[in-house]
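Undergrad: Here it is: the structure, laid out below.
The values are calculated or read from the model by the stated rules, or taken from the named source; none is laboratory data. Since this is a predicted model, take the numbers as computed values, not measurements. All Cβ positions, glycine included, derive from the backbone under ideal geometry; neighbour counts span all protein chains shown.
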Amino acid sequence: MNRRDFIKRSLSAAAVGTLMSPYTRAKQSETVRVGYLPITDAAPLLIAHANEFYKDEGLNAEPPGLIRSWSALVESFLARKFNVVHLLLPIPIWMRYKDKIPVKVVAWDHLNGSALTVKGDQGIHEFKDLGGKQVAVPYWYSMHNVILQMGIKKAGLKPVIKTHSEKIKKDEANLVLLPPPEMPPALASGQIDGYIVAEPFNALGELKLKARILRFTGDMWKNHPCCVVVMHEKTVDSDPVFTQKVVNAVVRAQKWILQNPAKTAGILSKEGKGYLPMSKETLDRVFLKYDTKTYGKGNLPQAIRHPEWNASRIGFQPYPYPTATRFIFDRLRETLVQGDNRFLKQVNPDFVVKDLVSYDYVKKAVLETGGPSVFTDMKIDSPWDREEVVEI
Amino acid sequence: MRRWLYSFSSGFVGVIILLMVWWGTGWLLVNFSHNGQFRDFLPIPALKAMGRLVEDPVFWSSVKVSLARVGIGLMMAFIFGFSSGIVLGISRQIRRFTTLPMQFVRMISPLSWMPIAILFFPSFEYAIYFLILMASVWPIIHNTSQGIQDVEPSWIDMARIQGASKFQLLVKVLLPFTLPYMLTGLRLALGIAWIILVPAEYLGINSGLGYLINDARDTMEYDRLMALVISIGILGFCLDSIFRFLTQYFNWRKK
């Protein structure tokens, strides 16, 4: 958008604002304003825009806004610059129960889509090899931090958060917080020995740094949630028609991605519509590469240990299973984070599971978009139930 | 003419030295880290990427929007900084009240205003102007106010004796005297605005040089990143040269 367009747009926006009476404004639904981070987690929200699924639902949609850090995305969402965003699952938990910000989870954005990546030449093949090492996490309140610490503890190591001057013992793995884009260069320069993060930064590390994937997170917690689609509670309560349409469009995008993974990579890439700055080669790896020849038995490290799970590198299934919310909440209580996490002890997990998520919109959307058989790992006869399968 | 040639050629030697330092440290970095990824930081890949960059229309549109952002931010900083600088310079009373809070606010890192900018402004574009304003207004205020305070008291007396009104005093004596100070302030402000641009373009916009740098970082295209760094340097240098020229032109002391 050049300056002239910008001025024109702001003028017309101002004009519309003054002309419309409060009555007509109340009747008209909001415009869809998507905010996202440059990671493949954002795919459904972006594909729904690229393929005009929002438009098909009769919604106006602004071009999605790219933000480079979780904090800035959360702040922009609070300021209502965006009304539909994807956030790591635990983020809305602390938003709603620690900071009392009325947000609602309306759907799961995607499944899996993350991995633990380590330096290729350091002989790190198992969690136990992380003793005395530095591992980066993208956010303290993240599924990544939870799963990583489960793996570290299982291997008999102790997760610690130490400052630079303190020595890390052989039986400790030190956690550091890094924004995703800074992880690969930090790995290359040797400041960290591994990182656990969303794609495409694992694929990027493999391609650019000859880094190795120690484990896919979807191979440890089968088809786990990672990012969820979040909206303002006020919107969800006061404008059910708008909310339903947004959820419909996102769920339809998930279905489309499952059927067209290569096309999805093309559209999102810089060679395509440029929603993400990465090349098609990198994104192809995320959407297509999950084979046992590269990652299964006989490889060191062995990133896929449960080929029978039939998981995928990134999967799509919108229904926010209460069992998974419950699982991540319970584990979060045992996970080491920096900052005040006492609020986790003060809320009742059963209440959280009911209160955090809006289930009806997404149920309706799934049934209208082809039913449970269309999506990853949904049972046909009891689509709204599942058991959490976790094998570290 | 000869002096111009001399300064130009010594500038050229300086650039050569800079290139050599870049190449040398880059070479050490690549060879001691044993990592090919850093090779892209070296001058030759960077200059090649520079060649590709200038052919890229996205680059030129980014230059335009970034210049516009710096321009608008600086203009606001100038309007605000200049007027409050004059008031502060003239009134000792106001100065006394405002020195402490201003020193306090001035010391806040401009980027820590980011959450406030996001929450307060309706669009990201305004948030970026605000960040540039918050960073670059201080040298303008300070220099303008200092300029007014430095006016020879005897000049003011002289103007008064000859019957100058307050307005005439301001326009004929105070402002001309302050002009070089103010231009120096503006020049400092430009440097700061230009620095703030890259992190400010982290926010939800989809164009600009800072935006392109962030993209290059996200994809580890370090040759492109270096090419962008160089072009930002060149643009900044050109802008600074304009201001330097203006500063010299309006500097009545040298004439």
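Undergrad: Here's a check for you: in the stretch A:291-315, which residue that is in a loop (DSSP other than H, G, I, E, B) and closer than 13 Å to A:GLU199 by Cα is nearest to the other protein chains (Cβ to nearest Cβ)?
TA: Here the answer is A:ARG313.
Undergrad: Of a type outside the set (Val, Ile, Thr), crowded, with 17+ Cβ neighbours inside 10 Å, modelled with pLDDT under 85 and over 26 Å from B:ILE148 (Cβ atoms), is that true of B:PHE41?
TA: Yes: the conditions hold for B:PHE41.
Undergrad: Still on this structure, please answer the following. Sort through A:LYS100, A:LYS158 and tell me the only one that's assigned by TED's automatic domain parsing to the domain that holds A:PHE329 and farther than 27 Å from A:LYS210 by Cα.
TA: It is A:LYS100.
Undergrad: Within the stretch A:1-77, considering only helices (runs of 4 or more DSSP H) that don't extend past its boundaries, which have at least 2 residues that are modelled with pLDDT under 90 and either of a type in the set (A, V, I, L, M, F, W, C) or on the phi < 0 side of the Ramachandran plot (or both)?
TA: Fully inside the stretch A:1-77 and qualifying: A:3-19, A:22-27.
Undergrad: Considering only the stretch A:354-387, how many residues are part of a loop (DSSP other than H, G, I, E, B) and without any contact (Cβ under 8 Å) to a residue 12 or more places away in the chain?
TA: Total satisfying the criteria: 4.
Matching residues to (1) within 27 Å of A:ALA311 (Cα to Cα); (2) modelled with pLDDT under 90; (3) buried (at least 24 other Cβ atoms within 10 Å of the Cβ); (4) not basic (Lys, Arg):
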residue: A:GLN122; (1), (2), (3), (4): no, yes, no, yes
residue: A:LEU130; (1), (2), (3), (4): yes, yes, yes, yes
residue: A:ILE161; (1), (2), (3), (4): no, yes, no, yes
residue: A:LYS169; (1), (2), (3), (4): no, yes, no, no
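Undergrad: Follow-up question, since we're still on this one. Out of curiosity, is A:LYS55 within 17 Å of the chain's Cα centre (by Cα), farther than 18 Å from B:PRO115 by Cα and basic (Lys, Arg)?
TA: No.
Undergrad: For the stretch A:176-222: of the residues being among the small types (Gly, Ala, Ser) and over 27 Å from A:THR292 (Cβ atoms), which is nearest to the other protein chains (Cβ to nearest Cβ)?
TA: Selected residue: A:ALA188.
Undergrad: Hey, another quick one. Give the residue that is surrounded by the fewest Cβ atoms within 10 Å (Cβ to Cβ), with candidates limited to residues of the stretch A:58-86 that are of a type in the set (Gly, Ala, Ser) and within 12 Å of chain B (Cβ to nearest Cβ).
TA: Of the stretch A:58-86, the ones of a type in the set (Gly, Ala, Ser) are A:58, A:61, A:65, A:69, A:71-72, A:76, A:79.
Still in the running and within 12 Å of chain B (Cβ to nearest Cβ): A:65, A:69, A:71-72, A:76, A:79.
Values: A:GLY65: 19, A:SER69: 17, A:SER71: 14, A:ALA72: 19, A:SER76: 23, A:ALA79: 17.
In this case the residue turns out to be A:SER71.
Undergrad: Right, A:THR243: of a type in the set (Ser, Thr, Tyr) and within 21 Å of A:ASP284 (Cα to Cα) or not?
TA: Spelling it out, it is not the case that A:THR243 is of a type in the set (Ser, Thr, Tyr) and within 21 Å of A:ASP284 (Cα to Cα).
Undergrad: Another question, then. Looking only at the stretch B:201-233, count every residue that is among the charged types (D, E, K, R) and either touching a Pro at 6+ places or on another chain (Cβ under 7 Å) or within 8 Å of chain A (Cβ to nearest Cβ) (or both) and tell me the total.
TA: Selection size over the stretch B:201-233: 4.
Undergrad: Somewhere in the stretch B:72-86, is a residue free of Cβ contacts under 8 Å to residues at least 24 places away in the same chain and either crowded, with 18+ Cβ neighbours inside 10 Å or more than 30 Å from A:GLY65 (Cβ to Cβ) (or both)?
TA: Taking every residue of the stretch B:72-86 in turn, at least one turns out to be free of Cβ contacts under 8 Å to residues at least 24 places away in the same chain and either crowded, with 18+ Cβ neighbours inside 10 Å or more than 30 Å from A:GLY65 (Cβ to Cβ) (or both).
Residue-by-condition table, conditions (1) at pLDDT below 90; (2) among the acidic types (Asp, Glu):
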{"site": "A:TYR359", "(1), (2)": "no, no"}
{"site": "A:GLY370", "(1), (2)": "yes, no"}
{"site": "A:ASP385", "(1), (2)": "yes, yes"}
{"site": "A:GLU391", "(1), (2)": "yes, yes"}
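Undergrad: Also: Could you go through the stretch B:101-122 and let me know if any residue there is away from chain A (no Cβ under 13 Å), in contact with a Ser or Thr (Cβ under 8 Å, 6 or more places away or on another chain) and surrounded by 16 or more Cβ atoms within 10 Å (Cβ to Cβ). Even if it seems obvious, please write down each step before you answer.
TA: So in the stretch B:101-122, the residues away from chain A (no Cβ under 13 Å) come out as B:101-110.
With in contact with a Ser or Thr (Cβ under 8 Å, 6 or more places away or on another chain) added as a condition, the list becomes none.
No, every residue in the stretch B:101-122 fails to be away from chain A (no Cβ under 13 Å), in contact with a Ser or Thr (Cβ under 8 Å, 6 or more places away or on another chain) and surrounded by 16 or more Cβ atoms within 10 Å (Cβ to Cβ).
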